[in-house]
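Undergrad: Just dropping this structure here.
The values are calculated or read from the model by the stated rules, or taken from the named source; none is laboratory data. All figures in this text were calculated on a predicted structure; none of them were measured in a lab. Note that each Cβ is placed from the backbone with ideal geometry, even for glycine, and that neighbours are counted across all protein chains shown.
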Amino acid sequence: MPAELKIEIEGVRIHAHHATSQSLFDIVLPDESEETLIESQMVQDADIYVYAHIFKPYIRFTDGKCIINTGSVSLPLDGLNKASYAMVELDGYNYQTAIIRVDYNVEKVIDQFSGTDYQNKESMIKALKNARVKKLIIIVVYILGGVEFTLGDW
């Protein structure tokens, strides 16, 4: 899988990556300063910047550009226990953006974790139930039921 995606559709340039253009692991939160967002997300020239990694969906406009965090379809950490994804609708150079929230079977995921010997399963179950965590502990890549995701506690 590529580390980043650069596409242009109907004259709108979109640059997408996991965390930042330079790192798969840097944490860029929704309330970062405009300077931090510009330095971390807007390295390539684009109209719309899309990233994930922090499991907290948002849309923000900075320096005339749109920055979107898609959130997470498997581990939302913004307090709303619903999966999220971003939608971008293009109409020529005009566009609309939205964060879509949908229910998912969190109890099934909790049951799957309960049946493992994963060393941090209690923390993970608590994060799944509450849709949030308190502080940065570790970044873990774990495969559960064929779905790979990265967890960053903060």
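Undergrad: Quick one: which residue in Ser40, Ser33 is loosely packed, with under 15 Cβ neighbours inside 10 Å and either in contact with a Pro (Cβ under 8 Å, 6 or more places away or on another chain) or in the same structural domain as Asp91 (by TED's automatic domain parsing) (or both)? Walk me through it before giving the result.
TA: Values: Ser40 fails: loosely packed, with under 15 Cβ neighbours inside 10 Å.
Testing whether each residue is loosely packed, with under 15 Cβ neighbours inside 10 Å and either in contact with a Pro (Cβ under 8 Å, 6 or more places away or on another chain) or in the same structural domain as Asp91 (by TED's automatic domain parsing) (or both) leaves just Ser33.
Undergrad: Mind listing whichever residues of the range 30-53 are out of contact with any strand residue (DSSP E or B) (no Cβ under 7 Å at 6 or more places or on another chain), closer than 17 Å to Arg13 by Cβ and not in a loop (DSSP other than H, G, I, E, B)?
TA: Residues satisfying the conditions do not exist here.
Undergrad: Between a residue in the range 36-55 that is free of Cβ contacts under 8 Å to residues at least 12 places away in the same chain and among the basic types (Lys, Arg) and any residue that is in a loop (DSSP other than H, G, I, E, B) and surrounded by 20 or more Cβ atoms within 10 Å (Cβ to Cβ), which pairs come within a Cβ distance under 7 Å, given they are 6 or more apart or on different chains?
TA: If the second residue must be in a loop (DSSP other than H, G, I, E, B) and surrounded by 20 or more Cβ atoms within 10 Å (Cβ to Cβ), no pairs are left.
Undergrad: If you don't mind, another one. With the requirement that a residue be β-branched (Val, Ile, Thr) and assigned to a loop (DSSP other than H, G, I, E, B), what does the range 57-83 give you? Working first, answer last.
TA: Just the residues of the range 57-83 that are β-branched (Val, Ile, Thr), to begin with: 59, 62, 67-68, 70, 73.
Across the range 57-83, the qualifying residues are Thr70, Val73.
One line per residue, one yes/no per condition, for (1) assigned to a loop (DSSP other than H, G, I, E, B); (2) surrounded by fewer than 17 Cβ atoms within 10 Å (Cβ to Cβ); (3) out of contact with any Lys or Arg (no Cβ under 6 Å at 6 or more places or on another chain); (4) at pLDDT below 95:
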{"position": "Phe55", "(1), (2), (3), (4)": "yes, no, yes, yes"}
{"position": "Ala86", "(1), (2), (3), (4)": "no, no, yes, no"}
{"position": "Ile99", "(1), (2), (3), (4)": "no, yes, yes, no"}
{"position": "Asp117", "(1), (2), (3), (4)": "yes, yes, yes, yes"}
{"position": "Val140", "(1), (2), (3), (4)": "no, yes, yes, yes"}
